[in-house]
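J.: Okay, handing you the structure first.
The values are calculated or read from the model by the stated rules, or taken from the named source; none is laboratory data. Predicted model, so just to flag it, every value in this text is computed and none were measured. Glycine also receives a Cβ, built like all others from the backbone with ideal geometry; neighbour counts cover every protein chain displayed. Ligands, DNA and RNA are excluded from the accessible area calculation, which covers all protein heavy atoms including side chains. Shrake-Rupley method; radii C 1.70, N 1.55, O 1.52, S 1.80 Å.
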Amino acid sequence: MFIAAKILIKSIGILIFTILVFIAPLSFSQDLSRKITIVAHDIPLEDIIREIEEKGEIYFSYSPQSIPAQKLISIEAQNKSIKYILRKVFVRNGIKYDLVENHIVLNPSWELPGEDMEYDSDAHYTLSGYLKDQNTGEVLIGAHVYEDSTYIGTSTNAYGFYSLTLPLGAHRIIFSFLGYESAVLKINLDGDKQLNQEMREAFLKMKEVEIIAKAEKPFFLDKQISEFRFNHKTLSKLPGITGDLDIIKSLQVIPGIESFGDGSSLFFVRGGNCDQNLILVDEAPVYNPSHLFGFLSVISPDAICDMQVYKGDFPVKYGGRLSSVVDIKTRDGNMRRFGFGGNIGPYASSLTVEGPLIKDKSSFIVTGRVSTLQWLTPLYYLDQEIRVGFLDLNAKLNFKINDKNRLFATFYIGNDFLERSTNSGIQTYGISWYNTLGTLRWNHVFNQKLFSNTTVYFSRYQYFLYLSDDKKEYWNSSISNLALKYDLSWYLNPDNTIDAGFSLTANGTDPGNIILNGETSSDRTNEVPQYNSMEYVFYAGNKQKIGKNFTLRYGLRLPIWQDLGATTVYFYDGNHEVIDTFNVKKDAVYYTHVSLEPRFNIEYSISRNSSVKAGYSRTTQFLNELTNNISPFTSLAVWVPAGPNIEPQKADQYSLGYFRNLFDSRIKFSAETYYKNFHNYIDYAPQANMLYNPLIEGELRIGKAWSYGLELMFQKPQGKLTGWIGYTYSRVFVKTPEVNNGDVYPAFQDRPHNITLFVSYDTGKRWSMSANWIFLSGAAISTPVSFYEYNGYTVPIYGEKNNDRLPDYHRLDLSVSFRINKIENRYKHSLILNLYNAYGRTNPFSLSFNRIEDNNGNYVVPADHNAQNELVPTTLSVSQIIPSLNYQFKF
């Protein structure tokens with residue numbers, strides 16, 4: 001533990017030293033809120049500039065030839081802010097001022113306001129509206145809106161809405177979004193105004209080098225600490241395992257997020273477990289994001305609009321998990337014309353249909369996807385009948401009732417199945433799992449500053465393990481939710497944006513029961529108690545700007561959890577043996593827990609191009625997935641809530657980061673370090689029985705864990721050549737009194753070194769290509785320290801838990817796309833060649849020391865057949881190189 005603390009202190013020291021090196025020459029900042037007095041009558045502008053410098057203790061940079069330095073100016077400003085005086089002296093005389101590093105730079109302005117234009121610092125008005133795609137009418141999420149001279153700005157919310165309050169007068173407003181042409185509007189703001197702006201998608205042409213202007217947006221509008229955002233354009237460049245985009249696997253390119261390995265949708269964030277990641281689709285949770293045991297993700301890429309990822313420092317409206325939030329927004333559908341598109345591939349194919357129900361008033365989008373894997377089964381299972389695959393359907397309706405009210409309805413269903421029977425007919429079995437969710441959302445704009453969203457959602461996940469060929473006998477587990485949410489955003493003024501809301505959620509979980517000969521309760525055997533619970537959440541937070549340099553995000557979240565009957569509660573002694581049983585009546589409350597979650601984040605803008613950010617967050621998790629299986633392919637889920645025997649898990653995370661734009665914002669650099677404490681960490685007894693066990697809570701062992709790390713990233717988001725390189729150093733340790741003799745051990749997900757490299761190049765003609773390389777240290781596992789012979793068998797002896805590691809993991813993915821059509825054609829289609837694991841690296845995900853044979857003498861686990869009969873280590877890995885050729889089309 002002391003070694004870990006030393007490493008953390010050393011990492012933080014390196015980061016602080018790096019920050020100090022960068023900020024030392026930039027630590028001076030101008031205070032434009034300071035009040036001074038300037039009285040002048042027919043005085044040359046150059047003299048007034050010197051007087052402002054002396055009284056305001058600020059510095060100007062300008063060329064006397066570029067501004068009317070000898071123009072006679074009159075001004076009477078008694079005890080006014082420097083900002084007010086700058087607007088009176090410069091803006092109304094055709095001069096633009098910019099705060100750059102530690103100087104105020106003067107340049108000619110875009111227009112000369114009339115002499116009658118007054119800039120009263122107390123008069124402010126609000127500009128609000130929606131940003132939309134010019135071709136489809138769909139809203140743009142996370143786009144930037146800011147005033148050109150002062151860089152006062154905001155971003156569109158999850159529904160494309162923005163609200164920007166500015167002083168009375170003439171303004172040059174910039175609308176900016178990655179992958180779109182920036183829009184510039186000149187506005188005379190003399191009252192509250194509504195402005196819905198459309199933006200045109202940008203395309204690379206032969207002579208163009210950049211998609212957008214070199215300075216995409218002011219630096220302070222960038223993401224908060226521990227946040228990463230993908231729009232559809234960024235996602236579409238990443239190689240996929242089957243030649244099509246995979247949203248969950250795209251997360252593994254982010255520093256701080258570690259993939260389980262090949263063919264798995266499981267991922268770990270800053271030391272947390274897989275179940276500590278909250279995945280939302282249009283605000284409804286998804287409990288199993290995988291198709292085909294993890295080879296594909298559940299949501300079709302054609303249906304996705306935006307994905308926002310938080311690695312621990314959550315905004316106050318999010319909660320319920322300890323490690324990350326993945327917030328996915330689906331497309332609304334084209335509101336102006338009908339269209340279709342899809343993907344045809346060797347492993348999966350999809351079709352999307354969209355269009356307006358009433359032009360510019362309502363729209364729909366329907367996306368269906370189905371696996372095309374049946375051609376593979378004869379190659380691997382010659383003597384058996386195999387049926388494996390999946391299908392899913394995503395649908396959304398969008399209604400614009402009027403300028404103040406909009407309705408959205410989303411529905412998703414996904415089903416996976418694996419059925420196999422031997423030719424002899426002696427044994428049959430199968431598994432399947434279902435994801436179902438639906439949301440209904442109502443957006444309401446009260447006025448230019450007040451926006452609300454009301455959501456009702458339903459989500460359910462079910463897993464079936466069939467025990468008979470007619471599927472009437474099976475083992476089934478499930479989890480479901482029904483919730484009401486209300487979120488309110490109040491754009492109080494340019495310096496304060498307040499978010500508040502509440503939610504009510506009913507949860508139902510079944511850890512797994514066997515059903516015989518139908519669904520009747522009388523046919524159940526050894527019934528495992530089911531759980532019902534309610535969660536009430538209240539939250540409020542504020543994003544507050546203090547002066548030019550500081551931005552605070554702070555708030556409180558208050559979740560209240562209650563477990564309800566009817567169920568059976570078991571009570572255990574210190575040896576985890578049952579000492580009492582309590583039958584709870586229906587709707588009776590038998591457990592309540594209240595947890596206060598403070599969130600705090602501070603940002604200091606060193607300059608327009610650099611900032612330092614720090615944050616603290618407390619999170620609580622009441623729903624837990626119980627598994628002691630380290631297989632990357634399991635879809636079996638046993639969920640249980642916090643209760644008398646399982647205290648809710650909690651985490652405290654401290655983070656510090658430095659962010660800088662380099663080379664006119666063409667390169668973005670970030671460095672983050674974090675330390676995280678896990679309380680009530682769930683561990684397991686040796687050989688714990690997690691399947692069909694009424695006493696499953698007695699298999700748990702509660703301890704604590706902690707993680708820390710350093711994350712570095714360089715990113716180039718614009719131009720023909722885009723990409724990023726990231727490095728993560730991270731550790732996570734566990735200490736549980738009844739596991740590993742109470743000694744500290746590294747968690748399975750403790751993988752110290754993680755390198756990600758992604759590069760994408762668009763020629764601007766017909767070809768584009770991308771490459772993705774990942775390196776991970778091997779996962780921590782337990783291996784024998786010695787062996788002994790017993791009745792002719794070699795028996796392994798294990799020592800400390802997770803005393804060894806799997807081999808290091810690394811993989812290269814390549815993708816080449818050829819656009820068949822001309823860029824101006826409405827029918828767009830392309831061919832995509834994808835190589836997953838291009839150099840055929842064998843990455844083991846399992847290590848076994850048991851040499852087991854079936855009835856025919858075949859080894860169940862692949863082994864070294866040249867070895868003697870003694871016990872030998874064997875490994876399992878996914879197929880090496882996986883090629884695919886896909887045809888994509890859109891009209």
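J.: Being open to solvent by 70 Å² or more (accessible area, probe 1.4 Å) and modelled with pLDDT of 80 or more narrows it down to one residue among L407, L391; which is it?
T.: L391
Table: residues versus (1) assigned to a helix (DSSP H, G or I); (2) farther than 23 Å from L166 by Cα; (3) modelled with pLDDT of 60 or more.
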| site | (1), (2), (3) |
| --- | --- |
| V184 | no, no, yes |
| L204 | no, yes, no |
| I212 | no, yes, no |
| R229 | no, yes, yes |
| T242 | no, yes, yes |
| I247 | no, yes, yes |
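J.: Here's another thing I want to ask about it. Going through Q530, Q544 one at a time, which residue ends up being open to solvent by 60 Å² or more (accessible area, probe 1.4 Å) and either at pLDDT below 95 or in contact with a Ser or Thr (Cβ under 9 Å, 6 or more places away or on another chain) (or both)?
T.: So the residue among Q530, Q544 that is open to solvent by 60 Å² or more (accessible area, probe 1.4 Å) and either at pLDDT below 95 or in contact with a Ser or Thr (Cβ under 9 Å, 6 or more places away or on another chain) (or both) is Q530.
J.: Keeping to region 338-354, report how many residues are in a loop (DSSP other than H, G, I, E, B) and either of a type in the set (S, T, N, Q) or free of Cβ contacts under 8 Å to residues at least 60 places away in the same chain (or both).
T.: Qualifying residue count, region 338-354: 1.
J.: Quick check on my filter: what residues within region 296-343 are among the β-branched types (V, I, T) and open to solvent by 10 Å² or more (accessible area, probe 1.4 Å)?
T.: Pass one, region 296-343, residues among the β-branched types (V, I, T): 298-299, 304, 309, 316, 325-326, 328, 330.
Hit for region 296-343 is V316, nothing else.
J.: Between residues in region 56-72 that are under 16 Å from H103 (Cα atoms) and outside any loop (DSSP other than H, G, I, E, B) and residues that are charged (D, E, K, R) and modelled with pLDDT of 80 or more, which pairs lie under 7 Å by C-beta distance while being six or more apart or on different chains?
T.: Filtered contacts from region 56-72: F60/E53.
J.: Please pick out the residue among Y119, Y130 that is open to solvent by less than 30 Å² (accessible area, probe 1.4 Å), in a loop (DSSP other than H, G, I, E, B) and either within 22 Å of F230 (Cβ to Cβ) or at pLDDT below 85 (or both).
T.: Exactly one of Y119, Y130 is open to solvent by less than 30 Å² (accessible area, probe 1.4 Å), in a loop (DSSP other than H, G, I, E, B) and either within 22 Å of F230 (Cβ to Cβ) or at pLDDT below 85 (or both), namely Y119.
J.: Follow-up. I'd like the full set of residues that are open to solvent by 20 Å² or more (accessible area, probe 1.4 Å) and under 19 Å from N93 (Cα atoms), limited to region 49-59.
T.: R50, E51, E53
J.: Let me ask you something else. Is at least one residue of region 439-453 at pLDDT below 85, in a strand (DSSP E or B), surrounded by 16 or more Cβ atoms within 10 Å (Cβ to Cβ) and not hydroxyl-bearing (S, T, Y)?
T.: no
J.: L484 fails exactly one of the following numbered conditions: (1) touching a Gly at 6+ places or on another chain (Cβ under 7 Å); (2) modelled with pLDDT of 90 or more. What is the number of that condition?
T.: Only one criterion is unmet by L484, namely (1).
J.: Aromatic (F, W, Y), under 23 Å from L516 (Cβ atoms), open to solvent by less than 40 Å² (accessible area, probe 1.4 Å) and free of Cβ contacts under 8 Å to residues at least 60 places away in the same chain: is that true of Y463 in this structure?
T.: Judged against the criteria, Y463 is not a match.
J.: Would you point out the residue of region 356-388, among those that are modelled with pLDDT of 75 or more and not in a strand (DSSP E or B), that is least open to solvent (accessible area, probe 1.4 Å)?
T.: Among those that are modelled with pLDDT of 75 or more and not in a strand (DSSP E or B), it is L373.
J.: Could you look through region 96-105, keep only residues that are surrounded by 16 or more Cβ atoms within 10 Å (Cβ to Cβ) and out of contact with any helix residue (DSSP H, G or I) (no Cβ under 8 Å at 6 or more places or on another chain), and pick out the one that is modelled with the highest pLDDT?
T.: Checking each candidate, the answer is K96.
J.: Next up: Can you find, within region 657-688, the residue that is most open to solvent (accessible area, probe 1.4 Å) among those that are under 30 Å from F714 (Cα atoms) and of a type in the set (F, W, Y)?
T.: F663
J.: Name the residue that is nearest to L564 (Cα to Cα), counting only residues in region 579-588 that are touching a Gly at 6+ places or on another chain (Cβ under 9 Å) and open to solvent by less than 80 Å² (accessible area, probe 1.4 Å).
T.: Among those that are touching a Gly at 6+ places or on another chain (Cβ under 9 Å) and open to solvent by less than 80 Å² (accessible area, probe 1.4 Å), it is A588.
J.: Return the residues of region 563-578 that are under 30 Å from Y486 (Cα atoms) and buried (at least 17 other Cβ atoms within 10 Å of the Cβ); say none if nothing qualifies. Spell out the reasoning first.
T.: Kept after step one, since they are under 30 Å from Y486 (Cα atoms), are these residues of region 563-578: 563-566.
Once the filter is applied, which keeps residues that are under 30 Å from Y486 (Cα atoms) and buried (at least 17 other Cβ atoms within 10 Å of the Cβ), region 563-578 yields D563, L564, G565.
J.: Taking the conditions exactly as written (within 39 Å of the chain's Cα centre (by Cα), closer than 30 Å to F364 by Cα and modelled with pLDDT of 75 or more), does Y125 satisfy them or not?
T.: no
J.: I need a count of the residues in region 603-628 that are under 30 Å from L700 (Cα atoms) and of a type in the set (A, V, I, L, M, F, W, C).
T.: Final tally of qualifying residues: 3.
J.: Keeping to region 159-182, report how many residues are part of a loop (DSSP other than H, G, I, E, B) and open to solvent by 30 Å² or more (accessible area, probe 1.4 Å).
T.: Qualifying residue count for the region: 4.
J.: Go through (1) touching a Lys or Arg at 6+ places or on another chain (Cβ under 7 Å); (2) open to solvent by 60 Å² or more (accessible area, probe 1.4 Å) and name the single condition L482 misses.
T.: (1)
J.: Moving on to the next point. What are the pairs with Cβ atoms under 8 angstrom where one residue, in region 192-203, is over 13 Å from E138 (Cβ atoms) and without any contact (Cβ under 8 Å) to a residue 24 or more places away in the chain and the other, located anywhere, is open to solvent by 60 Å² or more (accessible area, probe 1.4 Å) and acidic (D, E)? Sequence gap at least six, or different chains.
T.: Qualifying pairs under 8 Å: A202/E181.
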